[in-house]
Amino acid sequence: MAMLLQARRILTQTLPRRNSNSSQAFVKLLGSASRGLHDNVPRSKLFDPNATSGKVITCNAAVVRGPKQPFLMETIRVDPPRKMEVRIKILYTSICHTDLSAWKGENEAQRAYPRILGHEAVGLVESVGEGVTDLKAGDHVIPIFNGECGHCPYCTNNTTNLCQTYRVNPFKSVMENDGKCRFSTMNGEPIFHFLNTSTFTEYSVLDSACVVKIDPSAPLKKMSLLSCGVSTGVGAAWNAANVQAGSSVAIFGMGALGLAASEGARARGASKIIGVDINPEKFDKGKEMGMTHFVNPKDSSKPVHQRIREMTSGGVDYSIECAGNLEVLREAFLSTHDGWGKTVVVGIYPTPKMLPLHPMELFDGRSISGTTFGDFKGKSQLPELAKACMNGVVNLDGFITHELPFEKINEAFQLLGDGKALRCLLHV
């Protein structure tokens, strides 16, 4: 501690005054580390923005060079941020099933190699490009795949969380500013971006519309979950379904998304939350997340929707489909009550399959809709969700089931693929 305090005094005296904002941010950051606000991030992981701002950074990244190819830890070059861009230092990143799908190359149109995947993370702003006024060096931030510019016709419309320019686009692999990559190999080969984020690297460059500032006292490990899975699941219950107190909810698929949806329904006061999954080993975790009843489709030849209707006097008020399976989606739709039942689609589905519904089935009063990022407007609404998590309204305990060093990313993908992990957190 004495050495740390001495370092702070030396830095305060010697950092250049010409960039006082960055210097003060770094000194403040160093001080917060001594108070333990970074979940015991080693001090060697911290950076001096005066030494790197405006320069190319050389760092390590997990690069994938083809479908189902192992991730390679490579030394790469990360360019400085350009206009309306931000360069961030990744502290923690986790793995989502969307990453797993992209790694497998399940959609040929998304294939672009070499590439840096990853979209769930938390980190610190290292530097900002021209025109960025809402972020500065040292800010604690969450990258988001569904951006918010704040001024386009979509962002100013309260009924959608899409953005005209920075909405999620799985086919996009370059920066919006100039259509080029900010990553390259040491030989100059471009490395493509992923989902507006690319977090499997020590440093990443994002559009400022895809970077959310959070409370510096927030627990960073847990905050990484808000980049995708937890926000999407909780938002499916809060925003897309608008679950009401005393209502009934059926959640199909009990992975991280389904459990987050259950946590959202629990926080809203749902009286009956039914978890549906073919793996009964997940039921104990479901109870921790607020589920009250469980259905295993393998336990009976009777269709799941019939069993749920019998359990709920005609059907649930809301169903949330998190499995990404069309047959499951039909069961979710039919499990809702006629007249008012609502189904929210969260799972990612293979193309070119279509909805398993007949238009006339909608005349019974059931409705169905999809959600992106849980209908949260990222930059303007995600900080409030982070506060709700810090205040215990939403419980994040239990989602992170494994933690590994960054270089064991291939092992982390294996854990997720084998169904042994909800979220594996990588220490970058």
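None of the figures in this text is laboratory data; all of them are computed from the coordinates on show. Computed from a predicted structure; not experimentally measured. Positions of Cβ are generated from backbone atoms using ideal geometry, with glycine treated the same way; all protein chains shown enter the neighbour counts.
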Packing-based order for 282-290, 154-162, using average beta carbon neighbours within 10 Å, highest first: 282-290, 154-162
Interchain or long-range residues, amide H under 5 Å from HIS427's placed H: LEU404, PHE406
Linear extension gain, THR401 paired with THR165, 0.36 nm per residue minus alpha-carbon span: 81.5 nm
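Under a Cβ-only charge scheme (Lys and Arg +1, Asp and Glu -1), can you give me the dipole magnitude of the chain about the Cα centre, in debye to the nearest 20?
Numbers: 47 positive and 41 negative charges, 216 e Å.
It comes to approximately 1040 debye.
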For the range 388-428, size of Cβ-based charge dipole, Lys and Arg +1, Asp and Glu -1, in debye: 80
Crossing angle, helix 20-34 versus the chain [Cα axis fit, 0-90 degrees, rounded to tens]: 60
Table column - 3J(HN,Hα) (Hz), the range 186-202, Karplus curve with 6.51, -1.76, 1.60, x for Gly and Pro: 5, 9, x, 6, x, 10, 7, 8, 9, 6, 6, 10, 6, 9, 7, 7, 5
Placed amide H near PHE294: partners under 5 Å, 5+ positions off or other chain: GLY275
Listed candidates (1) 1.01; (2) 1.21; (3) 0.97 - label of the one calculated as Cα Rg over 2.2 N^0.38 Å: (1)
Table column - 3J(HN,Hα) (Hz), the range 87-100, Karplus curve with 6.51, -1.76, 1.60, x for Gly and Pro: 9, 10, 9, 7, 9, 9, 9, 10, 10, 10, 4, 5, 5, 4
Theoretical FRET efficiency, 1/(1+(r/R0)^6), r = Cβ-Cβ of ASP299 and LYS420, R0 35 Å, to 0.05: 0.95
HN-Hα J in Hz across the range 165-177 - Karplus 6.51, -1.76, 1.60, θ = phi - 60°, x for Gly and Pro: 9, 10, 5, 4, 9, x, 8, 7, 9, 9, 7, 5, 4
Over the chain: helical MRE at 222 nm, DSSP H runs n ≥ 4 each giving -39500 (n - 2.57), nearest 500: -7000 deg cm²/dmol
Amide H contacts under 5 Å for ALA323, placed H, 5+ residues apart: GLY347
Euclidean distance between Cα centres, the range 312-342 to the range 151-177, Å: 29
FRET efficiency for ASN60 and ASP284, using Cβ-Cβ distance with R0 set to 30 Å, rounded to 0.05: 0.20
Helix 256-267 axis, angle to the chain major axis (alpha carbon atoms, nearest 10°): 80
Estimated distance in nm for a label pair at GLU411 and SER217, the labels positioned 7 Å out from Cα along Cα-to-Cβ: 3.6
Listed residue pairs exceeding 21 Å between alpha carbons, taken from LYS377/LYS408; LYS180/LYS221; LYS89/LYS136; LYS180/LYS222; LYS282/LYS408; LYS282/LYS377: LYS377/LYS408; LYS180/LYS221; LYS180/LYS222; LYS282/LYS408; LYS282/LYS377
Computed label-point distance, nm, for sites VAL174 and ASN242 using a 7 Å Cα→Cβ extension: 4.2
Cβ charges +1 (Lys, Arg) and -1 (Asp, Glu), total dipole of the range 233-371, debye: 80
